[in-house]
1. Could you grab the pairs with beta carbons closer than 8 Å, sequence gap of 6+ or different chains, first residue in the stretch 28-45 and within 14 Å of residue 18 (Cβ to Cβ), second one of a type outside the set (A, V, I, L, M, F, W, C)?
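The values are calculated or read from the model by the stated rules, or taken from the named source; none is laboratory data. Bear in mind that the values here come from a model prediction, so they are computed numbers and not experimental data. Glycine gets a Cβ as well: all are built from the backbone with ideal geometry, and neighbour counts include every protein chain shown.
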Amino acid sequence: MLCPTSAQALQLAADFALTADYIRAAGAADAQARAKLLETASRAAFLKAQAIARDEELRPVFGQSFRRTAFAVA
């Protein structure tokens with residue numbers, strides 16, 4: 001399984017949060033439990049996006065060039 005980019009993980013977190021709002025607004029009998037589950041999933045996806053973003057700072061995403069700073073030694 002491929003690891004998502006930080007942008008994809010953030011999109012997933014937003015999708016979970018939006019779906020939780022829709023479920024809560026629908027007012028179904030078990031809406032609170034499902035909405036809480038989706039909010040927890042949204043938080044987990046957000047934390048994963050932060051971890052991926054930190055990792056992306058260290059290593060470039062596939063297809064991006066990585067330039068090291070060259071210092072002249074005299």
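1. Listed pairs, sorted by first residue: 35/21; 35/24; 38/19.
Each row is one residue, and each column tells you yes or no for (1) in a helix (DSSP H, G or I); (2) at pLDDT 90 or above; (3) under 13 Å from the mean Cα position of the chain (by Cα); (4) among the β-branched types (Val, Ile, Thr).
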{"position": "1", "(1), (2), (3), (4)": "no, no, no, no"}
{"position": "18", "(1), (2), (3), (4)": "yes, yes, no, no"}
{"position": "46", "(1), (2), (3), (4)": "yes, yes, yes, no"}
{"position": "53", "(1), (2), (3), (4)": "yes, no, yes, no"}
{"position": "56", "(1), (2), (3), (4)": "yes, no, yes, no"}
{"position": "64", "(1), (2), (3), (4)": "no, no, no, no"}
{"position": "67", "(1), (2), (3), (4)": "no, no, no, no"}
{"position": "70", "(1), (2), (3), (4)": "no, no, no, no"}
{"position": "74", "(1), (2), (3), (4)": "no, no, no, no"}
